[in-house]
Amino acid sequence: MDDHAGVAEPAQIDAVVVGAGFAGLYALYRLRAMGLSVRVFEAGDGVGGTWYWNRYPGARCDIESVDYSYSFSPELEQEWEWTERYPSQPELLRYLNHVADRFELRPHITLSTRVRAAEFDGDRWLVSTDYEQLRARFVIMATGCLSDARTPDLPGLADFTGSAFHTARWPEPEPDLTDRRVGVIGTGSSGVQVIPMLAERAGHVHVFQRTPAYSLPARNRALPADELAAIKSTYPERRAHSRRTIGGTVGLSHEVSQNPTLSVNPDLRRAEYARRWSYGGQAMVGAFVDLLTDPAANECAATFIRDRIAETVRNPDVAEALTPRDYPFAAKRPCIDTNYYDTYNRDDVTLVDLRAEPLRTITPTGIATTRAEYDLDTLVLATGFDAYTGALARIHIAGRDGVTLADKWAGGPRAYLGCTLAGFPNLFLVTGPGSPSVLTNMVLAIEQHIDWIADLLTHMDKHGFERAEPLVAAESAWAEQSDTLARRTLYYQANSWFLGANVPGKPRLFLPYVGGLGRFGKHLTTVSDGGYQELIFD
Ligand code: NA7
């Protein structure tokens with residue numbers, strides 16, 4: 001591992017990569033394979049990105065292990081033994097550490113170090129970290145879509161005398177919650193995963209819910225050796241197929257039926273929902289082709305889920321409070337759970353509906369709502385992330401003529417194909433705004449993006465180009481095309497982090513590209529096959 005010794009003159013390097021999660025590790029691997037000198041800087045004390053930080057009990061990916069894994073190395077695919085249908089955080093962290101060792105990536109990674117600034121001087125990028133400066137030809141921001149943990153501005157939080165932590169900053173060693181009175185704020189994916197686990201460990205759990213989630217059963221299970229072996233024997237076909245799909249995986253989880261909802265009679269419709277509900281994971285979302293475009297179709301699926309909540313949660317008032325009614329199903333990312341709704345049947349779990357009794361303040365000893373005071377020893381903030389832009393906003397990024405990324409994005413973030421920025425030559429985002437990213441299998445999306453960037457760099461070398469950036473017109477056209485697609489869906493009808501709606505003051509703009517991994521891949525190929533007409537080279 002590099003040490004932190006400072007140097008007087010900035011070292012010259014081909015590329016700086018920011019972040020050592022799935023994206024940073026693969027970017028490092030690809031660029032090293034091209035013979036480039038690369039330094040990766042990572043704020044965490046270990047590699048793993050999302051899977052390094054999100055260590056809360058129950059943290060698990062909602063895409064199946066065999067798909068949510070690198071495809072670039074057939075040897076790696078064959079040798080890694082996934083143990084469960086959905087990978088847990090510890091298993092993913094082991095996997096990413098294995099990748100760092102297996103491909104000898106660690107000598108190029110500096111941990112426990114933040115990149116503070118990246119400034120373009122007309123020729124190179126001057127990158128400043130906590131400890132040193134480098135001059136780099138390329139900068140790759142592998143900073144993650146959901147890496148900037150967000151603690152809302154809750155009155156009185158600083159005065160709370162118990163322990164308080166965000167799910168994405170879970171303390172180590174694991175806190176002993178036996179007999180503790182635990183409060184959880186937030187019922188998105190993180191809350192839905194952590195709440196059943198806390199219920200098992202704590203004395204009493206109070207869940208402070210503002211917006212009820214639509215949560216789908218994961219149906220997680222052990223992955224038997226013969227099933228894993230059968231999947232491994234078809235990996236090339238599986239990956240090739242996945243890359244053509246919307247969701248970047250195979251199987252019912254991401255298989256979208258071509259039938260419109262109301263064209264199917266109600267009994268068959270319910271049977272299809274039930275089939276997908278039993279299958280588990282995100283399968284419900286693809287039940288009918290119009291689920292995310294037709295409000296009436298969406299209401300049918302939402303009703304099916306509401307009925308499952310009503311039949312699971314024994315107390316009808318609690319069931320009703322847990323039932324989402326004012327936004328479409330899947331317009332926020334559906335949560336995938338294990339025993340979430342069942343957990344509310346426990347005597348030691350209490351739901352506090354913040355819509356009925358708004359949170360007034362955090363007190364030194366708990367939470368006061370307009371109706372009651374709740375005494376707590378521990379406060380868990382499952383309050384989400386400043387998605388896509390949060391991690392980048394923490395870095396002073398100044399492009400051509402000193403224009404900052406913050407200025408460029410004041411009206412809302414846009415990036416050509418989600419990865420290049422007009423005015424910021426040779427700086428690349430991985431799975432940035434305008435790419436399928438979080439709406440698809442992130443690992444394949446990351447590989448797709450980095451492969452495209454690597455091919456672009458090869459093209460530049462071949463033609464003797466020093467720098468590349470997109471045309472302003474191409475960038476604008478892509479942003480418009482991406483937004484037009486999103487506006488044909490129901491995504492704008494929920495206050496989601498997809499839209500930046502969870503961060504006060506953030507422009508309300510749908511951030512991911514909704515067209516899917518396959519269609520996006522075709523766009524990337526069209527641009528590269530066409531000789532990168534939408535980019536300017538010098
Ligand atoms: P999310 O999905 O953004 O959920 C955050 C939760 O925190 C959500 O229920 C919020 O309620 C709640 N929240 C945020 N601020 C407050 C305040 N001030 N008061 C009460 N409740 C609040 O984040 P997650 O970490 O669960 O999941 C993020 C993604 O990670 C997920 O979609 C997967 O892709 C993986 P709100 O809905 O704003 O009323």
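Along each principal axis of its Cα atoms, how long is the chain end to end? Whole angstroms, biggest number first, please.
Principal-axis extents of the Cα atoms in the chain, largest first: 69, 57, 48 Å.
Which of the peptides 93-99, 224-230, 455-461 is most tightly packed, and how do the rest follow, judged by the mean count of other Cβ atoms within 10 Å per residue?
93-99, 455-461, 224-230
Can you tell me the relative contact order of the stretch 207-288? Whole percent, Cα pairs under 8 Å, sequence separation 6 or more.
Rounded, it is 37 percent for the stretch 207-288.
Around GLY412, what is the net charge, scoring Lys/Arg as +1 and Asp/Glu as -1 over all other residues with Cβ under 13 Å from its Cβ?
Here the charged neighbours net out to 0.
Give the angle, between 0 and 90 degrees and rounded to the nearest 10, that separates the Cα long axis of helix 442-463 from the longest principal axis of the Cα atoms of the chain.
Between helix and principal axis, roughly 10 degrees.
P(r) for the stretch 49-115: what percent of alpha-carbon pairs falls in each 10 Å bin, starting at zero?
The percentages, shortest bin first, are 19, 49, 28, 4.
What number in nm² do you get for the stretch 331-488 if you take the convex hull of its Cα atoms and divide its surface by four?
So the Cα hull casts an average projection of 14.4 nm².
I'd like the Kirkwood hydrodynamic radius of the stretch 222-278, using the inverse of the mean 1/r over distinct C-alpha pairs, in Å.
Taking the inverse mean of 1/r over all distinct Cα pairs, the stretch 222-278 comes out at 13.6 Å.
Quick one: helix 22-33 against the long Cα principal axis of the chain, what's the angle to the nearest 10°, folded into 0 to 90?
Between the helix axis and the principal axis of the chain, the angle is about 20 degrees.
Sum -39500 (n - 2.57) across every DSSP H segment of at least 4 residues in the chain, then divide by the residue count to get the 222 nm mean residue ellipticity, nearest 500.
Rounded to the nearest 500, it is -9500 deg cm²/dmol.
Less than 14 Å Cβ to Cβ from ARG346, Lys/Arg counted +1 and Asp/Glu -1: what total charge do the surrounding residues give?
Cβ neighbours under 14 Å give a net charge of -2.
Given a 1.4 Å probe and the protein chains all in place, what does the accessible area of PHE465 round to, in Å² to the nearest 10?
Taking all protein chains as shown, PHE465 has close to 60 Å².
For the stretch 478-526, state which trypsin sites (Lys or Arg not before Pro) are in a DSSP loop and have at most 16 other beta carbons lying within 10 Å of their beta carbon.
Passing sites in the stretch 478-526 are ARG488, ARG508.
Could you pull out every residue, at least 5 positions away or on a different chain, whose amide H is within less than 5 Å of the one on SER112? Hs are placed 1.01 Å off N in the peptide plane, and Pro or chain starts have none.
Hits under the 5 Å cutoff: GLU42, GLY44, ASP45, GLY46.
Under 8 Å for C-alpha pairs, at least 6 residues apart: give me the relative contact order for the stretch 111-231, rounded to a whole percent.
Relative contact order of the stretch 111-231: 14 percent.
Can you tell me how much longer the chain between ALA158 and LEU471 gets when fully stretched, taken as 0.36 nm per residue apart minus their C-alpha distance, in nm with one decimal?
Extending this stretch completely gives an extra 108.0 nm.
The values are calculated or read from the model by the stated rules, or taken from the named source; none is laboratory data. Quantities reported herein were computed from a predicted structural model and do not represent experimental measurements. Here the Cβ is made from the backbone with ideal geometry for all residues, glycine too, and neighbour counts use every protein chain on show. Heads up: the accessible areas ignore ligands, DNA and RNA and are worked out on the full protein's heavy atoms, side chains in. Shrake-Rupley method; radii C 1.70, N 1.55, O 1.52, S 1.80 Å.
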